[in-house]
Amino acid sequence: MIDYIQLWNMLTMEKLSSWDKIKYDFGKVNHSTIQIVEFRYNGDKEVSEIEPLCNCIGHTFKDNVLTLRWKIKQHPPRSYESTKVIMIVYKDQSLDDLTLKAYILK
């Protein structure tokens, strides 16, 4: 019989062990700013591509440190919560995703 809790824990720990974190919440941020965060890669698979799913995210990957720069929209009509996803593609075609979150103030 499959122990689903043990399986979930193994999968979660494996995913968490590749990066020092998989999500980052900037909290409340002002519009028209650039938010920067670093993710450290601890895995042993070779990263082949880094694909932010929004062109508002710039990135650099050097010495196993992924630096993300999120350019926050200028003058939104209201405050809102926003989430951005960055896909990591490995040489073996496996994937990871990293998530950024912020509450953007008007």
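The values are calculated or read from the model by the stated rules, or taken from the named source; none is laboratory data. Since this is a predicted model, take the numbers as computed values, not measurements. Please note: Cβ atoms are built from the backbone with ideal geometry, for glycine as well, and neighbour counts cover all protein chains shown.
Structural remarks
- Between Asn64, Asn42, the distinction of being under 15 Å from Tyr90 (Cβ atoms) and touching an Asp or Glu at 6+ places or on another chain (Cβ under 8 Å) belongs to Asn42 only.
- Within region 76-93, restricting attention to residues that are loosely packed, with under 11 Cβ neighbours inside 10 Å and not acidic (Asp, Glu), the residue that is nearest to Tyr24 (Cα to Cα) is Arg78.
- Only one of Asp63, Asp44 that is exposed (fewer than 11 other Cβ atoms within 10 Å of the Cβ), acidic (Asp, Glu) and modelled with pLDDT under 95: Asp44
- For Lys73, the requirement of being out of contact with any Asp or Glu (no Cβ under 9 Å at 6 or more places or on another chain) and surrounded by fewer than 16 Cβ atoms within 10 Å (Cβ to Cβ) is met.
- Test: residue in region 1-9 that is of a type in the set (A, V, I, L, M, F, W, C), more than 29 Å from Asp92 (Cα to Cα), modelled with pLDDT under 95 and outside any strand (DSSP E or B): yes
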